[in-house]
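The next block holds one structure in the form of structure tokens; read it before the comments.
The values are calculated or read from the model by the stated rules, or taken from the named source; none is laboratory data. These figures come from a predicted structure and were not determined experimentally. Glycine also receives a Cβ, built like all others from the backbone with ideal geometry; neighbour counts cover every protein chain displayed. Please note that ligands, DNA and RNA were not included when accessible areas were found on the heavy atoms of the full protein model with its side chains. Shrake-Rupley method; radii C 1.70, N 1.55, O 1.52, S 1.80 Å.
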Amino acid sequence: MTAPTRRQTREFRPLVASFVRFVVCGGGVGLASSGAVLLLGEQLPMALANALVTVVSTVVATELHRRISFRSERKGWRVHLRSGVTVAVSYAFTTGALLCLFAVRPDPSPLLAQSVYLSASALAGVGRFVLLRIVVFGDRSRGAAHDPGEEALSRAAVAMAV
């Protein structure tokens, strides 16, 4: 195994910084959302409160990720729709993990259920980061203005997810 070159290290740092910003922004929105669901749940049926908070928090998180995590100039409803799809895929993944757990162990301990959920959420979060970075907020321009460093970062993001 060889040590990373200075160029590889320079290319990797923006990716790590972007991921840290992604975790902080997403985690902050998640914490605020949990409080909002509890407050709204006192006024509305819990399912409706959760649906409203999920939609609003997805829009807010997408804007934060656009501006802070990925520092992208892209905006508009297409960005929000694509981001919403990544949320739906993450939801399906975490739900699938729990359904598999309950199929294998009909009465798992709370610790096991929480471990499976948090592990699936972490994997879904990494996958969502990659999709947002490459598909939703990635630079689609090719040609003279194309930055080879960005291509290397995109490949590094995909490699991290695999």
Most packed first (mean Cβ within 10 Å per residue), the peptides 125-138, 77-90, 105-118 order as 125-138, 77-90, 105-118
Against the 2.2 N^0.38 Å rule of thumb, the C-alpha Rg of the range 25-92 sits at a ratio of 1.16
Magnitude of the Cβ-charge dipole (Lys and Arg +1, Asp and Glu -1) of the range 24-94 about the Cα centre, nearest 20 debye, reported as 440 debye
Distance in nm between Tyr91 and Leu112 label points, each 7 Å along Cα→Cβ, equals 2.8 nm
Extend 7 Å from the Cα of Asn50 along its Cα-to-C-beta direction; within the range 71-92, residues with backbone N under 13 Å of that point are 91-92
At q = 0.21 Å⁻¹, the log10 of I(q)/I(0) for the range 1-117 from a Debye sum over equal Cα scatterers comes to -1.19
The simple spin-label model distance between Leu39 and Val23, using points 7 Å out along Cα→Cβ, in nm, is 2.8 nm
With all protein chains in place and a 1.4 Å probe, Leu31 shows an accessible area in Å² (nearest 10) of 130 Å²
